[in-house]
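Written below as C-alpha cells is the structure these notes are about.
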Amino acid sequence: MRVMVLVKASKDCESDAKKDPEAQAEMARYNAELMKAGVLLAVDALQPSAQGARVRFTGGKESVVDGPFLESKELVGGFWLWEVKSLQEAIGWIKRAPFRDAEIELRPIRPAEEAFGPDHPLLRNAKA
C-alpha cells in the first residue's frame, strides 16, 4: 500500500531560518534508511506559505488567496510517499524518524481506479 506521510508545518518551515546541520544529517540518514528498505518513493519539503496560494471554490466560483497563511497548524511543511505493507508498518517507520517537535499525519492512498472508477478517461490514457 502507498501512504502519504504529511509533516505539519512549524514556525521554522515558514521562516528562512537555516536548518541545524546535525538535524539535517540525521534526516538524511533516516531517508537513506527508508531508501535502502525500499519504502521511500518520494520526499520533499514545501516552500513557505508566503510563496503559495489557495484556491477556494464556493457555489461554482473560485477565489484565490495569496500566502502567507497565518494558521501554521493547518499547513503541510513537507511530505514523504512510502510503499509499505500496512499502516502499522508506516507508523513503525515514522516512530524512528529523528523529529524533536513535530506532528505527522499518515494517510493511506486510495488507488485512482477505486477513487474514480476503472473507466475514468484519465486512467484509460495512463494505460495507453
Taking Glu26, is it part of a loop (DSSP other than H, G, I, E, B), on the phi < 0 side of the Ramachandran plot and among the acidic types (Asp, Glu)? no
Restricting the search to region 29-60, which residues are in a helix (DSSP H, G or I) and at pLDDT 95 or above? Arg29, Tyr30, Asn31, Ala32, Glu33, Leu34, Met35, Lys36
Say we look at region 1-59 and pick out the residues that are surrounded by 12 or more Cβ atoms within 10 Å (Cβ to Cβ) and of a type in the set (Ser, Thr, Tyr); which of these is farthest from Gly78 (Cα to Cα)? Tyr30
Going by the structure shown, is Phe116 of a type outside the set (Val, Ile, Thr), surrounded by 10 or more Cβ atoms within 10 Å (Cβ to Cβ), more than 13 Å from the chain's Cα centre (by Cα) and within 29 Å of Glu14 (Cβ to Cβ)? no
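The values are calculated or read from the model by the stated rules, or taken from the named source; none is laboratory data. Since we're looking at a predicted model, the values are computed, not measured. Because the Cβ atoms are built from the backbone with ideal geometry, glycine has one as well, and the counts that use them run over all protein chains shown.
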